[in-house]
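What follows is one structure encoded as structure tokens, with my remarks underneath.
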Amino acid sequence: MKVTGIIAEYNPLHNGHRYHLQKAREMTDADYVIALISGDYVQRGEPAILDKQLRARMALTAGADLVLELPFPFCSMSAEDFAACGISILDHLGVVNCLSFGSELGDTDALSHIASVLAEEPESYRCLLKSALAQGLSFPAAREYALIHYFQEQDYSFSDHSILASPNNLLGVEYCKALIKARSSIIPVTIARKGSGYHEPSIDPAIFSSATAIRRLLKDQGISNLSGLVPDEILSLFEPDTFLFPEDFSGLLEYAVLSSLPKGYQHIYGFSRELSDRLSASALSSCTWEERIQQLKTRNYTYTRISRALLSLLLNLTEEEAGTFRTAIQDFPVIRILGFRRTALPLLSAIKSNCSVPLISKLADAHRQLPPSSLQMLEKGILSSHIYSAVQSRKYGRQPVNEYCRQITVL
């Protein structure tokens, strides 16, 4: 049995994602494709535009055989943590042969070569990194500087010196690095990204439009102009009373900012002392989610970093909890089924025979299946999903979803 894993957000799923699903199956000769997707929040540090169950149904309809959840908080943490959690889950399944991911570079060997340096951190690389940081460069810029000069010293150079500035390349390197650190037998296979860039905000019907552009379209125009941008078979799954945007959480964020003001924010995951002081100084000003990020943004604090920190504040994720959960996902990750195709029953049987941790299909049984730290992480994720559902229900006047009653999607 050949099984390929894909780690994704599908926020929302579009034609480029379906192309990747098809190409991954073809390139790896896979019998089954497992999609491990973010829960109700995404790596950018904001709520997903559609809830995880609807995005799981889209993934199954577009070609995945089994959909699992990449749990909170790792679905909304740094690329390194996001990748480490995803690789740990796929590795623990015991059946995955290949990991397929998109990248701007489209060169698995080059990305793996960079990953090996970041995983092993040879002395000359560490010296270059330390020197770059001492010059006042941000960590991402210092890391890129160190890599470029390290490879020049090794008489190995890349034609594109901005590899780590491209989001899918960066994530691909982190996947490869996580595979190396886990000593995993899973083989990475990258597929060159086609169509618009990751952050491209404009719609271009002639190519694969980015999820960023489609989210903007949905916010400004609703579902009326989606045809040709997403697979025809999932068009009917887009309904007008389902979408959530960061601004829908502005009120909750303001409450979290004000209620935590007396003790500061440094205990919250993602907050340095400087960022905590900056938020404390502006806490009493009334802001939307976007306005709050722009208020805090500086050269050293990117939009995404601030958004992740604010989401952690809203959901009360502490630095201590984040550390506990990092250890938990390496030893005993939470693996929860969101949906599967009936034709994938042999795959599920193989996973149950080979998986080194329990496969969660019924939340009510989880307290008997998980050790304390993993159970704590699951419960944190359940609370975060209940908050997501509460905001959605208030916005659209619908009944909130109880995670304990949520049904697995079967196609």
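Every read-out reported here was derived from the displayed coordinates using simple, explicitly stated rules and does not represent laboratory data. What you see is a predicted model, and the numbers here were worked out from it, not measured in a lab. Positions of Cβ are backbone-derived with ideal geometry, glycine not excepted, and every protein chain shown enters the neighbour counts.
Does the range 279-411 come out rounded, prolate or oblate by the C-alpha gyration tensor, with a ≥ b ≥ c the root eigenvalues, rounded set by a/c under 1.5 and, if not, prolate when a/b is larger than b/c and oblate if not? Display every interim value, and only then the final one.
Details: a/c = 2.42, a/b = 1.71, b/c = 1.42.
Cα axes put the range 279-411 in the prolate bin.
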For the range 121-165, just say rounded, prolate or oblate: build the C-alpha gyration tensor, square-root its eigenvalues into a ≥ b ≥ c, call rounded for a/c under 1.5, and beyond that prolate if a/b exceeds b/c, oblate if not. oblate
Span from the the range 108-160 Cα centroid across to the the range 242-274 one, whole angstrom: 34
Which ordering of S236, S389, S356, S100 is given by a fewest-first count of other beta-carbon atoms within 10 Å? S236, S356, S389, S100
Hey, for a label at V410 modelled as a point 7 Å past Cα toward Cβ, could you say which residues of the range 328-354 have their backbone N under 20 Å away? 336-353
Pairs over 29 Å Cα to Cα, from K177/K352; K23/K297; K263/K297; K52/K130; K130/K177; K52/K352, come to K23/K297; K52/K130
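E274 to A192: extension gain in nm, 0.36 nm per residue of separation minus the Cα-Cα distance?
Details: separation 82, 0.36 × 82 = 29.52 nm, distance 3.88 nm.
Extra length from E274 to A192 when fully extended: 25.6 nm.
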Shape of the range 246-321 from its Cα gyration tensor (a ≥ b ≥ c, root eigenvalues): rounded if a/c is under 1.5, otherwise prolate when a/b > b/c, or oblate? rounded
Given contacts defined as C-alpha pairs under 8 Å and at least six residues apart, what's the relative contact order of the chain, whole-number percent? 22
Restricting to bridges with both residues inside the chain, how much of the DSSP beta-bridge set is antiparallel, in percent to the nearest 5? 25
In whole Å, what is the distance between the alpha-carbon centres of the range 217-240 and the range 9-65? 16
Based on alpha-carbon atoms only, what is the radius of gyration of the range 1-151 relative to the globular estimate 2.2 N^0.38 Å? 1.18
Using a Gaussian network model on the chain with a 10 Å cutoff between Cα atoms, which of R126, R18, R193 fluctuates the most? R126
Three principal axis lengths of the chain [C-alpha, angstrom, descending]: 55, 54, 50
Helical mean residue ellipticity (222 nm; -39500 (n - 2.57) per DSSP H run of 4+; nearest 500) of the chain: -15000 deg cm²/dmol
Where a Cα-Cα gap under 19 Å defines reach, which aspartates and glutamates qualify for K380, not counting those fewer than 8 residues away within the same chain? D40, E46, D51, E69, D81, E319, E320, E321, D331, D365, E403
